[in-house]
């Protein structure tokens, strides 16, 4: 072999070997440079004990070009922090996509491993016909000390201008962040930062339709159980486009209400058709509330397309549903989305002689309404107010399975505007009461000589829990529904159990209750103590076993709805067994929270009754110690022991 040829082969082999080696950190010219200090970092003084931190975050949004550019760089400190190599980027189906994903790992020695794997798409949430998806991938070869960085483009639906947000708070400490927004010049733009800004951060600056902000040392956001919507508590900047440049909130909302009212009146202005429809539903002799109940029930029988499985383009083309332009179209064609069904109910109620009005409300599941922000989209739900026997009652028949005059929890005790041609009047929807919602568990068990329980349990979901289960399982099949109820019952009991659903709950009605019956076995519920057996007083207290254990609290406490849970348990003892010691009756009462437990032995059976009432919506963190002490009393009461003795142990 000639020398020149050997030289060429040598160079070629060296080139191929170089390709197989990690790339130096300075390669990849369009990534931001990595500093030696970032490579050497093993901790962050301003985030003690952190598993990882954001070294840098950048978000550049361009509304005229309908896209966002994202860049994230994370330093991994511990083996547990390696979980941040699993990246999940959410997006809404039909509103845009995630494209141009690139990622890499940088090791402390500066070597680089580029992501060349597969990006997956999975469903995160699906509700009322809207798909919430996520692009997921795993950045390769991540170790403690590595830097993970990735970037991507979020694209938006063409021609669709909508409000946006800079989210400054994340679950990790952020060392440095930059944000920009190139806004559309077609509408007025306003912004706010309701939770304030991190210490040392200046408000956003506007430079000829380019809004910018830089921040440093943003604390990690702490997530706690029973906290208000995270969006309310995080540092963020909310942007909103408006149709007008009105600065006075009162004038803004008056004009917005007039505009919305005109659209609704145009949609429901079919008086003759509605009177004919009402005549088919109610009888002249019906009492006023009976009439309204019949109208409500009939509107709920309208095919509600908001709760149907999302169709493919081919399926939609085959069905060829015509668009509905008014309430008469809904009545004739028998289908509509949820809002159309509400306005049909409004039109029918008026045709039946009721004083009824449209009401626009702001739900409290993702944020709390502030009228001063003048964000018209915050009034995001349309419901109906009708006067029944002189009382104002709120209805939302467009919510599948919602009982008569029952709103979903997120629509209760919220601000709204009752609108008319003159503008609108601010109202607050009806609050829930602890007597109307909760879970009742009735159990009938047989205890065997080994201390195991076997028998039947009936779980009755009342009010909001019944509605919630029906909505959550709306698109599930029978097997999924069965498993969900069995799994939930297992969570109530603090030890492993066997549970099998034996009935077919009524998933399709708007009943105020949902009843599930089970065959249950609890192995080893009674423990041996010499020649005696000990049974904990409460079987179903698993939900409360670890609630509010932390001594400290950062955020306020927030409960979706008040409730009263009731347990009635009967345990038939083996022949000749006796309860030699029963726990004293337990009572804890802090006005808004009440707990009680009693146990008695009658006719060879134990009867244990327990109730827990919570009547809290929002509670400042300073009152947390009182609530924590209450739940400690609940746990102490539940963990009391019933002492059983057999004839053999008596000798």
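The values are calculated or read from the model by the stated rules, or taken from the named source; none is laboratory data. Just so it is clear, the model here is predicted, and its values are computed rather than measured. All Cβ positions, glycine included, derive from the backbone under ideal geometry; neighbour counts span all protein chains shown.
In this structure, is residue 413 in a loop (DSSP other than H, G, I, E, B), at pLDDT below 95 and out of contact with any helix residue (DSSP H, G or I) (no Cβ under 9 Å at 6 or more places or on another chain)?
Against the criterion (in a loop (DSSP other than H, G, I, E, B), at pLDDT below 95 and out of contact with any helix residue (DSSP H, G or I) (no Cβ under 9 Å at 6 or more places or on another chain)), residue 413 does not qualify.
May I ask you to list the residues in region 553-579 that are touching a helix residue (DSSP H, G or I) at 6+ places or on another chain (Cβ under 8 Å) and more than 16 Å from residue 439 (Cα to Cα)?
The answer is 553, 554, 555, 556, 557.
Residue under question is residue 256, and the condition is that it be modelled with pLDDT under 95, surrounded by 16 or more Cβ atoms within 10 Å (Cβ to Cβ), assigned to a helix (DSSP H, G or I) and touching a helix residue (DSSP H, G or I) at 6+ places or on another chain (Cβ under 6 Å); does it hold?
yes
Within region 426-442, can you find the residues that are touching a helix residue (DSSP H, G or I) at 6+ places or on another chain (Cβ under 9 Å) and more than 20 Å from residue 462 (Cα to Cα)?
Of everything in region 426-442, those that are touching a helix residue (DSSP H, G or I) at 6+ places or on another chain (Cβ under 9 Å) and more than 20 Å from residue 462 (Cα to Cα) turn out to be 426, 429.
Please verify whether residue 539 is in contact with a strand residue (DSSP E or B) (Cβ under 8 Å, 6 or more places away or on another chain), assigned to a strand (DSSP E or B) and over 30 Å from residue 221 (Cβ atoms), treating the condition exactly as stated.
No; evaluated as a whole, the condition is false for this residue.
Within region 454-468, take every residue that is assigned to a helix (DSSP H, G or I) and touching a helix residue (DSSP H, G or I) at 6+ places or on another chain (Cβ under 8 Å) and give me the one that is nearest to residue 563 (Cα to Cα).
464
Quick one: would you say residue 291 is within 29 Å of the chain's Cα centre (by Cα) and either surrounded by 14 or more Cβ atoms within 10 Å (Cβ to Cβ) or at pLDDT 95 or above (or both)?
For residue 291, the condition - within 29 Å of the chain's Cα centre (by Cα) and either surrounded by 14 or more Cβ atoms within 10 Å (Cβ to Cβ) or at pLDDT 95 or above (or both) - is not met.
Can you tell me which residue is surrounded by the most Cβ atoms within 10 Å (Cβ to Cβ) among those in region 427-462 that are without any contact (Cβ under 8 Å) to a residue 60 or more places away in the chain and closer than 15 Å to residue 383 by Cβ?
Looking at the filtered set, the residue picked out is 430.
Within region 526-533, can one find any residue that is touching a helix residue (DSSP H, G or I) at 6+ places or on another chain (Cβ under 7 Å), surrounded by fewer than 19 Cβ atoms within 10 Å (Cβ to Cβ) and either on the phi < 0 side of the Ramachandran plot or modelled with pLDDT of 95 or more (or both)?
yes
I'd like to know if region 551-567 contains one or more residues that are under 30 Å from residue 220 (Cα atoms), outside any loop (DSSP other than H, G, I, E, B) and touching a residue at least 24 places away in the same chain (Cβ under 8 Å).
yes
Exactly one condition in (1) surrounded by 15 or more Cβ atoms within 10 Å (Cβ to Cβ); (2) touching a helix residue (DSSP H, G or I) at 6+ places or on another chain (Cβ under 9 Å); (3) farther than 21 Å from residue 304 by Cβ; (4) at pLDDT below 95 is false for residue 499; which is it?
(4)
Can you find, within region 380-406, the residue that is surrounded by the fewest Cβ atoms within 10 Å (Cβ to Cβ) among those that are in contact with a helix residue (DSSP H, G or I) (Cβ under 7 Å, 6 or more places away or on another chain) and in a strand (DSSP E or B)?
388
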